[in-house]
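**Student:** This is the structure, below, for whatever I ask next.
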Amino acid sequence: MEFVLLLLISHLNFICGLIPGLTPPAGLKKKRIYHQIRNPPPEHEMNPTYWRNQAQETLKRALNLQKLNTGVAKNIILFLGDGMGIPTVTAARILKGQLESKTGEEGFLEMDKFPHVALSKTYNTNAQVPDSAGTATAYLCGVKANEGTVGVSAASVRRQCNTTFGNEVTSILKWAEDAGKSTGIVTTTRVQHATPSASYAHSVNRDWYADSDMPSEALEQGCKDIAQQLIFNIPGIEVIMGGGRKYMFPRDTPDIEYPNDWKANGTRLDGKNLVEAWKDMKKGKNAHYVWNREQLKSLDLTKIEHLLALFEHGDLQYELERNKTTDPSLEEMVTTAIRILSKNPKGFFLLVEGGRIDHGHHEGKAKMALYEAVEMDKAIGRAGSLTRDTDTLTVITADHSHVFTFGGYTFRGSNIFGLAPYLSDVDSRPFTSILYGNGPGYSLQNGERPNVSNSEIYENNYLAQSAVPLRQETHGGEDVAIFAKGPMAHLFHSVHEQNYIPHVMAYAACIGQNREHCVKFERGPCPSAAWVPIGSGAILLLLLTLLSCI
Ligand SMILES: *[C@@H]1O[C@H](CO)[C@@H](O)[C@H](O)[C@H]1NC(C)=O
Ligand SMILES: *[C@@H]1O[C@H](CO)[C@@H](O)[C@H](O)[C@H]1NC(C)=O
Ligand SMILES: *[C@@H]1O[C@H](CO)[C@@H](O)[C@H](O)[C@H]1NC(C)=O
Ligand SMILES: *[C@@H]1O[C@H](CO)[C@@H](O)[C@H](O)[C@H]1NC(C)=O
Ligand SMILES: [Zn+2]
């Protein structure tokens, strides 16, 4: 039996000579496998029947997709993995599997199970490699925009206040509000950060969090800081959850959680207390402001109408460092949000941002980034169990990628944070599978790469090596994925411009620009010719009916 298998493997090897698992590539051939042994494939994977059955099951599901879900999306959920490029998705899938003591590659993220997948072109109108503000304007407002700007068209110039007016563009959150749906924003960053802010603000500078972040000229010209726009632009928003307390309180107000940390002080110069302003506006409603997990858990979600929850003065902690007593996980926040929002018979729009995948990568800390991605995936699974695909369109995408990669012909099941199984054939030193194109992990000691070892690479804060030294690793320019399920999810089917995304979501939900196609649903579905009896009088009836459906 073993002999036959060996024969089979060497035969396969002959045909597929470049399968990395089987033959080291030419340049590495003589290099010793110095610290790892290649395990045989899992027993069941050696049996061709396993792969054939698995593919046949997938084929069956694919054939079933011909029955498209063309219903109306009562609810829309958009999960935005900030900086979650495709290499991050794959690495997070492997990590998720390895956290369950599996090899990892064969598993499925929750998002992997979505039936429809497309690609999104992420460039900004003035940038090949985009930022999170211009991209947020695209996937929330349906209009591509300049980098650094939120909720304004490309006619606006970054940092030039007077180019705001007349160039504002509204988001799908606003369209949903206008249609009587409930709306929510959940993020692991500050709620005033680029991604969430494009849903409610119009700002020529994403960094104008509070008035203290703005030049006096901009204030004089009438531009408003993003925190203020959060409270006043769309007062109907039912759920706001994330970080960012400091932009809500007057300067020198000590933070409630970190009274001795002066960096956590309020920052506003106009003396406004925006949390109080929010409470005032919600008088007479069942509205709650909370700032820690205990308070969140004590809420009666069956009664609550409005929730403002700010768990940190700035961004939330990384999932790997989260204080599980004081701060909720993204999954907990999403659960809470859906419970509150789904009470509306007209449905809801919810934006969920896994916002710190991006931060982990910028810091060159792949482990932080990937754990954030796995946590967002958990939240996706939870959202799936709280909603139905028949009336909820769920879309997962990223704003942009990062110069994050993993390679090195690692063996099956190799720890995703581990070393490649070969030494470099140039400097004879080991290297991790995960690497960055640029960033803070660049390191030379006496002109040589460090001799990385197992004792450091598994640390939460380990900086994966990068080719170019930068304090902050940069975004990547390649396309990102769009995963979709629910009504009209099949309209994500190709390589799309990023600003197409909210057009599909709005079409599916019969809100915004594409309400007309739903008039048919309101009148009842158009009869198909097949069941209208053919007769001279019936032809006229058929014509009239069809006309009324156009
Ligand atoms: C807009 O503001 C800039 C300064 O930021 C000024 O140079 C320009 O003249 C202003 N444009 C208008 C139309 O007011
Ligand atoms: C923070 O607030 C405290 C209390 O009002 C004040 O004494 C301190 O100077 C503030 N620190 C900064 C950096 O603003
Ligand atoms: C979490 O925060 C609480 C309250 O500040 C503190 O008592 C506790 O030690 C923290 N836990 C961890 C694990 O840091
Ligand atoms: C790198 O470290 C390993 C053990 O940690 C050691 O065996 C090897 O000689 C080192 N290589 C160099 C080039 O220093
Ligand atoms: Zn970023």
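**Student:** In whole Å, largest first, what are the principal axis extents of the Cα atoms in the range 137-250?
**Tutor:** Principal extents (Cα only, largest first): 36, 33, 21 Å.
**Student:** List the residues whose amide H sits under 5 Å from the amide H of Gly354, counting only those 5 or more places along or on another chain, with H placed 1.01 Å from N in the peptide plane.
**Tutor:** The answer is Leu80, Gly81, Asp82.
**Student:** I'd like the distance separating the alpha-carbon centroids of the range 200-215 and the range 67-101, in whole Å.
**Tutor:** The range 200-215 and the range 67-101 have Cα centres spaced 30 Å from each other.
**Student:** Here's another thing I want to ask about it. Check which residues have an amide H placed less than 5 Å from Asn438's amide H, if you skip close sequence neighbours.
**Tutor:** The list, which skips near neighbours in sequence, is Ala467, Val468, Thr474.
**Student:** Follow-up question, since we're still on this one. What share of Cα pairs, in percent, lie more than 21 angstrom apart in the range 259-354?
**Tutor:** It works out to 42 percent of all Cα pairs.
**Student:** In percent, what relative contact order does the range 37-164 have, based on Cα pairs under 8 Å that are 6 or more apart in sequence?
**Tutor:** 10
**Student:** Quick one: Debye curve from the C-alpha atoms of the range 76-186, no solvent, what's log10 I(q)/I(0) at q = 0.11, 0.17 Å⁻¹?
**Tutor:** -0.50, -0.92
**Student:** How big is the dipole moment of the range 79-151 about its Cα centre under a simple scheme where the beta carbon of each Lys and Arg is +1, that of each Asp and Glu is -1, and everything else is neutral? Debye, nearest 20, please.
**Tutor:** With only Lys, Arg, Asp and Glu charged at Cβ, the dipole is about 140 debye.
**Student:** Kirkwood Rh over alpha-carbon pairs of the range 401-468, then Stokes-Einstein at 4 °C and 1.567 mPa s: what D in µm² s⁻¹, rounded to an integer?
**Tutor:** Value of D from the Cα-based Kirkwood radius: 105 µm²/s.
**Student:** Compute the convex hull volume of the Cα atoms of the range 304-387, divide it by the residue count, and report the result per residue in Å³ as a whole number.
**Tutor:** Per-residue hull volume (Cα only) is 98 Å³.
**Student:** Hey, how much of the P(r) for the chain falls beyond 47 Å, as a percent of Cα pairs?
**Tutor:** Looking at the chain, the distances longer than 47 Å represent 19 percent of pairs.
**Student:** Given the convex hull of the Cα atoms of the range 112-170, what is a quarter of its surface area in nm²?
**Tutor:** 4.6
**Student:** Sticking with this structure for a sec: Based on the Cα atoms of the range 69-120, what semi-axes does the equivalent ellipsoid have, where each is the square root of 5 times one gyration tensor eigenvalue, given in whole Å with the largest first?
**Tutor:** 25, 14, 10
**Student:** Explain nothing, just the number: dipole magnitude of the range 437-497 about its Cα centre with +1 on each Lys and Arg Cβ and -1 on each Asp and Glu Cβ, in debye rounded to the nearest 20.
**Tutor:** 80
**Student:** Taking the alpha carbon gyration tensor of the range 350-508, what are the square roots of 5 times its eigenvalues, largest first, to the nearest whole Å?
**Tutor:** Working through the eigenvalues yields semi-axes of 36, 16, 14 Å.
**Student:** Compute and list, largest first, the equivalent-ellipsoid semi-axes of the range 267-319 from the alpha carbon gyration tensor, each √(5λ) rounded to a whole angstrom.
**Tutor:** They are 21, 19, 6 Å, listed from largest to smallest.
**Student:** Something else: Give me P(r) over the range 91-135, computed from all C-alpha to C-alpha distances, binned every 10 Å, as integer percentages.
**Tutor:** In whole percents, the pair-distance histogram is 25, 26, 29, 19, 1.
**Student:** Given only helices, namely DSSP H runs of n ≥ 4 each adding -39500 (n - 2.57), what is the per-residue ellipticity at 222 nm of the chain, to the nearest 500 deg cm²/dmol?
**Tutor:** -8500 deg cm²/dmol
**Student:** Right, another one. If you average the sequence gap of Cα pairs under 8 Å that are 6 or more apart and divide by the length of the range 88-131, what percent do you get for the contact order?
**Tutor:** 23
**Student:** Tell me which DSSP H helices of the chain clear both cut-offs, 15 Å or more of axial length from alpha-carbon atoms and a mean Kyte-Doolittle hydropathy of at least -1.0.
**Tutor:** 2-15, 86-99, 330-341, 366-386, 536-549
**Student:** Along the principal axes of its C-alpha atoms, what lengths does the range 293-338 span, in descending order and rounded to whole Å?
**Tutor:** For the range 293-338, the Cα extents along the three principal axes come out at 32, 18, 17 Å.
**Student:** While we're here: What is the pair-distance distribution P(r) of the range 149-211, computed from all Cα-Cα distances in 5 Å bins starting at 0, with each bin given as a whole percent?
**Tutor:** Once binned at 5 Å, the Cα pair distances of the range 149-211 give 4, 20, 25, 23, 17, 10, 2.
**Student:** For the chain, which span is the longest to avoid every loop-located (per DSSP) member of GluC sites (Glu not before Pro) having at most 11 other Cβ atoms inside 10 Å?
**Tutor:** 101-458
**Student:** While we're looking at this one, here's another question. Give the value in nm², to one decimal: projected area of the alpha carbon convex hull of the range 206-301, averaged over all directions.
**Tutor:** Across all orientations, the range 206-301 yields a mean hull projection of 7.0 nm².
**Student:** If contacts are Cα pairs under 8 angstrom and at least 6 residues apart, what is the relative contact order of the chain in percent?
**Tutor:** Over the chain, the number comes to 23 percent.
Rule-based calculations on the coordinates, nothing more; no lab input. Keep in mind that what you see is a predicted model, and the values were worked out from it rather than measured. Neighbour counts run over all protein chains shown; Cβ positions are idealised from the backbone, glycine included.
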